[in-house]
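**Q** My questions all concern the structure below.
The values are calculated or read from the model by the stated rules, or taken from the named source; none is laboratory data. These figures come from a predicted structure and were not determined experimentally. We place every Cβ from the backbone using ideal geometry, glycine too, and count neighbours over all the protein chains shown. Heads up: the accessible areas ignore ligands, DNA and RNA and are worked out on the full protein's heavy atoms, side chains in. Shrake-Rupley method; radii C 1.70, N 1.55, O 1.52, S 1.80 Å.
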Amino acid sequence: MDRPIPDHRGPEMPSLVAEIRAGLRSVFKSEQGEPVVFPGSGTGAWEASLVNTLSPGDRVLSFENGHFARLYAEAARQLGMQVDDVKLRWGDAVTQSDVEANLKPEHRAVLIVHNETSTGVTTDVGAVRRGIDRTGRDPLLLVDVVSSLGSMDFRMAEWRVDVALTGTQKGLMLPPGGAILCVGPRALEAAEKNRAPRYFYDWRPVIRDMQQGFFPYTPATLLLFGLREALRMLLEEGLDDVFARHRRLAQATREAVRAWGMSLLASDPARASNSLTAVVVEEIDSTAVVKVAAERLNLALGVGLGQLRGRVFRIGHLGSLNELEVLATLAGTELALLYSGQPIELGVGVAAAQRFFAGIKADAKLAAAETRGATPERVG
Ligand code: PLP
């Protein structure tokens, strides 16, 4: 990205844009989807997903299981859609039965946040698709993959997702500034038929120009060079290996939380996110932990958002990250907990994560193995 700013109508653009389109199709797992890149952020991508496919008055179904799901629904409401927002516990995933029980013939779209960044919970989008199919209805499926794409498996074509959307600043490892969507054939058709007004976020001219290697406005050129490199990095490592790395880093983080005697916000451990972990704080205000981590340790933890303010803090483990960085983060988190008055034994979380990385199941087993002189048992 650190280069002279190119002419966005110049000869460098077509090969750059072609590689980005192909790379995004691979990462979204959609051969037919049309990638769209706007200057913007995840919020802009929400707006683009809504104004292209829906009109004011259209009824949509959403599930409030966290701060971002609530805001995606709010965006639809502000744009004039009638939103049926099913309230779930913040910490739950959306399930197949939630969809089956609430989807009505008049719903034109279902809004889902794949990975709820405020709660650290991942919804099984395949199960959402099965839920929709079981009803025999056919709404558009719009999925926010802001904190999952590039860190966790997402299969746009297989799950028949009509629009998937993200920003540049999470699993794509870039600075903020880009809103990225992948648009499936049914959503393209809906946008063609839609008479509702839209201008900047109209994806039709963007798709047309991107197919030729250009944009209908001045794009965030330097970010595009970064995006090309980020996509290369993901594909060089291999998506399956990227996802396995994040599973492993997430599991080590969860082992540390357990060793601290603290709990995850996720109601079902099987749905705990592999890109971030939300930790419930009982004794003290979680905002104090985040503040002390920033001020004394230069460590950025996430605060509790919305109704979770003061009750949870969040450890991010997405994007370009390795085991050593996770161990350092956990060590810093232990200090931040101690400094802010949470009763904690220093080192226990780090040791639990180290044991997990080393493939050693538990203290007891290690001790037994050492006395026998045997190799400690390995875990997957
Ligand atoms: N959706 C999710 C799941 C998010 O985590 C975020 C931001 O963190 C957004 C949407 C909003 O994105 P942005 O802040 O880039 O507008």
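**Q** Out of all the residues in segment 266-300, which are buried (at least 24 other Cβ atoms within 10 Å of the Cβ) and in a loop (DSSP other than H, G, I, E, B)?
**A** 273, 274, 275
**Q** Sticking with this structure for a sec: Got a number for residues in segment 322-358 being of a type in the set (Ser, Thr, Tyr) and either closer than 27 Å to residue 244 by Cβ or out of contact with any helix residue (DSSP H, G or I) (no Cβ under 6 Å at 6 or more places or on another chain) (or both)? Talk me through it step by step, then tell me what you get.
**A** Start the filter on segment 322-358 by keeping residues that are of a type in the set (Ser, Thr, Tyr), which leaves 329, 333, 339-340.
Adding the requirement that they be either closer than 27 Å to residue 244 by Cβ or out of contact with any helix residue (DSSP H, G or I) (no Cβ under 6 Å at 6 or more places or on another chain) (or both) leaves 329, 333.
Count: 2.
**Q** Based on what the data block shows, is residue 207 in a helix (DSSP H, G or I), more than 12 Å from residue 53 (Cβ to Cβ) and touching a strand residue (DSSP E or B) at 6+ places or on another chain (Cβ under 6 Å)?
**A** Working: in a helix (DSSP H, G or I): yes; more than 12 Å from residue 53 (Cβ to Cβ): yes; touching a strand residue (DSSP E or B) at 6+ places or on another chain (Cβ under 6 Å): yes.
Answer is yes for this residue.
**Q** Of all residues in segment 243-265, which are surrounded by fewer than 21 Cβ atoms within 10 Å (Cβ to Cβ), touching a helix residue (DSSP H, G or I) at 6+ places or on another chain (Cβ under 8 Å) and more than 18 Å from residue 347 (Cα to Cα)?
**A** Scanning segment 243-265 gives 245, 248.
**Q** Find all pairs meeting these conditions: Cβ atoms under 8 angstrom apart; at least six residues apart or on different chains; first residue within segment 107-128 and under 16 Å from residue 304 (Cα atoms) and assigned by TED's automatic domain parsing to the domain that holds residue 314; second residue within 13 Å of the ligand (Cβ to nearest atom) and not hydroxyl-bearing (Ser, Thr, Tyr).
**A** From residues that are under 16 Å from residue 304 (Cα atoms) and assigned by TED's automatic domain parsing to the domain that holds residue 314, there are no pairs.
**Q** Taking residue 66 as the residue in question, decide whether it is within 16 Å of the chain's Cα centre (by Cα), within 13 Å of the ligand (Cβ to nearest atom) and outside the structural domain of residue 266 (by TED's automatic domain parsing).
**A** Here the answer is yes, as residue 66 does meet what is asked.
**Q** Scan segment 30-50 for residues that are within 16 Å of the ligand (Cβ to nearest atom) and either in contact with a Pro (Cβ under 8 Å, 6 or more places away or on another chain) or more than 28 Å from residue 213 (Cβ to Cβ) (or both) and report the count.
**A** Let us first name the residues in segment 30-50 that are within 16 Å of the ligand (Cβ to nearest atom), namely 36-50.
In the following step, the residues that additionally are either in contact with a Pro (Cβ under 8 Å, 6 or more places away or on another chain) or more than 28 Å from residue 213 (Cβ to Cβ) (or both) were identified as 37, 39, 41.
Of the residues in that region, 3 qualify.
**Q** So which pairs qualify, if the first residue must be in segment 230-250 and under 16 Å from residue 29 (Cα atoms), the second must be open to solvent by 20 Å² or more (accessible area, probe 1.4 Å) and in a helix (DSSP H, G or I), the Cβ gap must be under 7 Å, and the two must be at least 6 apart or on different chains?
**A** From residues that are under 16 Å from residue 29 (Cα atoms), the pairs are 235/26.
**Q** If I go through segment 52-84 residue by residue, how many of them are free of Cβ contacts under 8 Å to residues at least 40 places away in the same chain, open to solvent by 30 Å² or more (accessible area, probe 1.4 Å) and out of contact with any His (no Cβ under 8 Å at 6 or more places or on another chain)?
**A** 8
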